[in-house]
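Student: Sharing a structure here in structure tokens format.
The values are calculated or read from the model by the stated rules, or taken from the named source; none is laboratory data. If you're wondering where the values come from, they're calculated on a predicted model, not measured in any experiment. Cβ coordinates were reconstructed from backbone atoms using ideal geometry, including for glycine residues, and neighbour counts include every protein chain displayed. Heads up: the accessible areas ignore ligands, DNA and RNA and are worked out on the full protein's heavy atoms, side chains in. Shrake-Rupley method; radii C 1.70, N 1.55, O 1.52, S 1.80 Å.
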Amino acid sequence: MDEHDMLLSPGGVDALRTALTRAGFTSNGIAARLGPQATGGVARNDFRAALRATADRDPLGTLIRVFICEQTEPEAAVAAALAPLSLDEALAGGLVERQGDGLRMGLDLEPYGDEWWVLADVPASARPGRPLHAEHVLGIGGATQTLIGATVRRPVETALDLGTGSGVQALHLSTHARRVTATDLSERALRFAATTAALNGQDWELLRGDMVSPVAGRRFDLVVSNPPFVVGPGTTTHVYRDSGRVGDAIGAELAAAAPGLLTDGGTMQYLANWVHVAGEEWDERVAGWFAGTGLDAWVIQREVADPMAYVNLWLTDVGHTADPQRMADWLDWFDAHKVEAIGFGIVSLRRAGHDDPTVRVEDLRQRVEAPLGDRVAGWFDRQDWLRVRDTDGLLAARYRAADGLQLRQEATMGDEGWAVDRQVLAMPHGLRWTEEIDPLVLALVGGADGRLALRDQLALLAVAHDVAPEELAEAASPIVAHLVERGFIEPVTD
Ligand SMILES: C[S@@+](CC[C@H](N)C(=O)[O-])C[C@H]1O[C@@H](n2cnc3c(N)ncnc32)[C@H](O)[C@@H]1O
């Protein structure tokens, strides 16, 4: 561990871990204690059943009441639950705070995964009316989980978490990286990350500084970042949200830094927002971030918000809902820059070291099969397969339709029976793409049973459809490459 203060002394962290372990304050321990009904209630912020199940205020019950159900509890019960951590240290470290005669949580101490705990600030929603600290440390929210799910989890030597906050991404990295480095601009956030690391028995290199500056000149096998990606005029009120960069420049800045950060074959994944500007194609704009980087890039847009909904969301996130001036300034900036919408998505980059990298920026708003990280890894694997094959290589390969692939038809009843209007291929698994196809492609996919080389399959189709085989092969190869890229058909490798 580097020289970063923690929220508690090293002895205090050990004592807290002892208290939590002894009480069984883990995700599994809590679920076992509460049972399915109360656990379901807690997930909906309905704590009634959980409070009934913990009424005897034993240590586990008290910890659940304080840190899960957000209750104020008697001092003696809280002191007993946290022992051997002294109450004085818990108060000084901000873990609990006084409220009337009792104590309530001062920090969000979240049991996470099977055996982990994550320390973060209490969210705005739990302290209505209290302004968020400018260096508020984010708990495990939707964006955090999106990056956790999207990360390619293959074993690596070195991994970097840029903008670590609570340290939750670093915690996940520690499961498959031999060495973990985590950075943050905020010294306060680094105190949280250091405490999360120590509480979970982890040893990370923690560095303070602006984005990539603390690791300048160093390379990593895997880099992840859930940066302050919120777009707007570039003013900063909360460091977890605002980068201080104008518009969506943080996304472009990370793209530009990626080639210098990655080892050969290294992967970088980050969350980003991008503006949709009137008169511009959003995907071309985002693709421009990767021009000249030499990196393979796959950018998937998962959500799109209109400016009003976007500003509302982020004002609510920091408890600034009743601030019409702030809202007006932000919306005016969007108007002035012709921003019609804001996209949210995941950028995955790879330093594969070839001259002709693939840059794909696409809408992928359907629900995908979890974990998304496996889908990202599969996408890059398919790019590797495609890259080394020209048209002849594609024609020589055999293909099999993806497991469970479905055909959906829309047809209209006419005088002569059903007339098919649309045929759509649908993947029930994985990325769950759907794609409208014509009868020839349908026949090609339908015949992909892994036995015939594509060349032979196309020769049969050429006869059946009365077209020249060379013409068909020429026309089919980009379509086949696309179907492979999306996973509708898979090359047979045995
Ligand atoms: C959205 S939070 C993500 C926290 C955590 N990694 C997660 O996934 O939940 C962004 C983090 O980036 C940090 N940060 C903000 N601006 C930064 C900058 N210019 N350089 C490095 N870190 C920054 C913030 O302090 C915050 O911890």
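Student: Which angle from 0 to 90°, rounded to the nearest 10, does the C-alpha axis of helix 249-261 make with the longest principal axis of the chain?
Tutor: 80
Student: If you don't mind, another one. Give, to the nearest whole percent, the P(r) tail of the range 390-469 beyond 15 angstrom, counting all Cα pairs.
Tutor: Of all Cα-Cα pairs in the range 390-469, 65 percent lie more than 15 Å apart.
Student: Per residue of the range 180-192, in order, report the coupling 6.51 cos²θ - 1.76 cosθ + 1.60 (Karplus, θ = phi - 60°) as ³J(HN,Hα) in whole Hz, putting x for Gly and Pro.
Tutor: Running phi through 6.51 cos²θ - 1.76 cosθ + 1.60 with θ = phi - 60° gives 10, 10, 9, 10, 7, 6, 8, 5, 4, 4, 5, 5, 5 Hz.
Student: How much of the accessible area of the chain, in percent, comes from carbon and sulfur atoms when a 1.4 Å probe is used?
Tutor: 50
Student: Let me ask you something else. How high is the relative contact order of the range 363-494, in percent, counting Cα pairs under 8 Å that sit 6 or more residues apart?
Tutor: Relative contact order here is 32 percent.
Student: Using alpha carbon centroids, what distance separates the range 171-225 and the range 431-494, in Å?
Tutor: So the two Cα centres are separated by 46 Å.
Student: Filter the trypsin sites (Lys or Arg not before Pro) in the range 400-494 down to the DSSP loop ones having no more than 15 other Cβ atoms within 10 Å, then list what survives.
Tutor: Filter output for the range 400-494: Arg432.
Student: Using alpha-carbon positions, what is the distance between the centroids of the range 365-396 and the range 127-141, in Å?
Tutor: 40
Student: Output the antiparallel fraction of DSSP beta bridges having both residues in the chain, as a percent to the nearest 5.
Tutor: Working: 49 of 73 bridges.
Given both bridge residues lie in the chain, the antiparallel proportion sits at roughly 65 percent.
Student: List the GluC sites (Glu not before Pro) within the range 244-301 that DSSP assigns to loop and that have no more than 16 neighbouring Cβ atoms inside 10 Å.
Tutor: On the way: sites: Glu253, Glu280, Glu281, Glu284; in loops: Glu280, Glu281.
Sparse-neighbourhood loop GluC sites (Glu not before Pro): Glu280, Glu281.
Student: Could I ask something else about it? Is the range 355-494 rounded, prolate or oblate when judged by the Cα gyration tensor, a ≥ b ≥ c being the square roots of its eigenvalues, rounded requiring a/c under 1.5 and prolate requiring a/b larger than b/c?
Tutor: Numbers: a/c = 1.97, a/b = 1.14, b/c = 1.72.
Verdict is oblate for the range 355-494.
Student: Using alpha-carbon pairs under 8 Å, 6+ residues apart, how would you state the relative contact order of the chain in percent?
Tutor: Details: 913 pairs, mean separation 52.0, N = 494.
That works out to 11 percent.
Student: Kindly report the accessible area of the range 1-146 per residue (heavy atoms of protein chains, probe 1.4 Å, no ligands, DNA or RNA), in Å². Before the final figure, lay out each step's value.
Tutor: Values: 6790 Å² over 146 residues.
Normalised by residue count, the accessible surface of the range 1-146 is 47 Å².
Student: Show the residues, 5+ positions off or on another chain, whose built amide H is closer than 5 Å to the amide H of Val361.
Tutor: Correct list: Val299.
Student: I need the shape label for the range 1-148. Rule: rounded when a/c is under 1.5, else prolate if a/b > b/c, else oblate, with a, b, c from the alpha carbon gyration tensor.
Tutor: Details: a/c = 1.28, a/b = 1.11, b/c = 1.15.
Rounded shape, in that the Cα axes give a/c under 1.5.
Student: What shape does the range 26-95 have by the C-alpha gyration tensor, where a ≥ b ≥ c are the square roots of the eigenvalues, rounded means a/c under 1.5, and otherwise prolate means a/b greater than b/c and oblate the rest? Spell out each step's value before the answer.
Tutor: Values: a/c = 2.11, a/b = 2.02, b/c = 1.04.
Prolate.
Student: Here is a further query. Whole-Å semi-axes of the chain's equivalent ellipsoid, largest first, each the root of 5 times a Cα gyration tensor eigenvalue?
Tutor: 48, 25, 24
Student: If you add up the charges near Arg387, with Lys and Arg at +1 and Asp and Glu at -1, over every other residue whose beta carbon is less than 12 angstrom from its beta carbon, what do you get?
Tutor: It works out to a net charge of -4.
Student: What does the charge count near Gly93 come to, summing +1 for each Lys or Arg and -1 for each Asp or Glu among other residues with Cβ under 12 Å from its Cβ?
Tutor: Details: positive: Arg191; negative: Asp5, Asp88, Glu89, Glu97.
The answer is -3.
Student: Once the Cα gyration tensor of the range 100-222 is diagonalised, what are the square roots of 5 times its eigenvalues, in whole Å and ordered largest first, as equivalent ellipsoid semi-axes? Don't skip to the answer; put the middle values down first.
Tutor: Values: eigenvalues 140, 53, 33 Å².
Three semi-axes, in Å: 26, 16, 13.
Student: For the chain, what does the helix formula give at 222 nm: sum of -39500 (n - 2.57) over DSSP H segments with n ≥ 4, over the residue count, nearest 500 deg cm²/dmol?
Tutor: It comes out at -11500 deg cm²/dmol, rounded to the nearest 500.
Student: Right, here's the next one. Mind listing the phi-derived Karplus ³J(HN,Hα) values for the range 38-54, rounded to whole Hz, using 6.51, -1.76 and 1.60 with θ = phi - 60°, and x for any glycine or proline?
Tutor: Karplus-based 3J(HN,Hα) across the range 38-54 equals 5, 4, x, x, 4, 4, 9, 6, 10, 8, 4, 5, 5, 5, 5, 6, 10 Hz.
Student: By the scheme Lys and Arg +1, Asp and Glu -1, what is the net charge of all other residues having a beta-carbon under 13 Å from that of Leu16?
Tutor: 0
Student: Is there a quick way to get the dipole size of the chain? I mean about its Cα centre, with the Cβ of Lys and Arg at +1 and of Asp and Glu at -1; what is the value in debye to the nearest 20?
Tutor: Details: 44 positive and 72 negative charges, 304 e Å.
Dipole size: approximately 1460 debye.
Student: Per-residue HN-Hα couplings for the range 373-388, Karplus 6.51 cos²θ - 1.76 cosθ + 1.60 at θ = phi - 60°, whole Hz, x for Gly and Pro?
Tutor: Coupling constants for the range 373-388: x, 5, 5, 5, 4, x, 4, 5, 4, 5, 4, 4, 5, 5, 4, 8 Hz.
Student: I'd like the GluC sites (Glu not before Pro) in the range 412-457 restricted to DSSP loop residues with at most 15 other Cβ atoms within 10 Å, sorted by number.
Tutor: Listed in order of number, the matching sites are Glu416.
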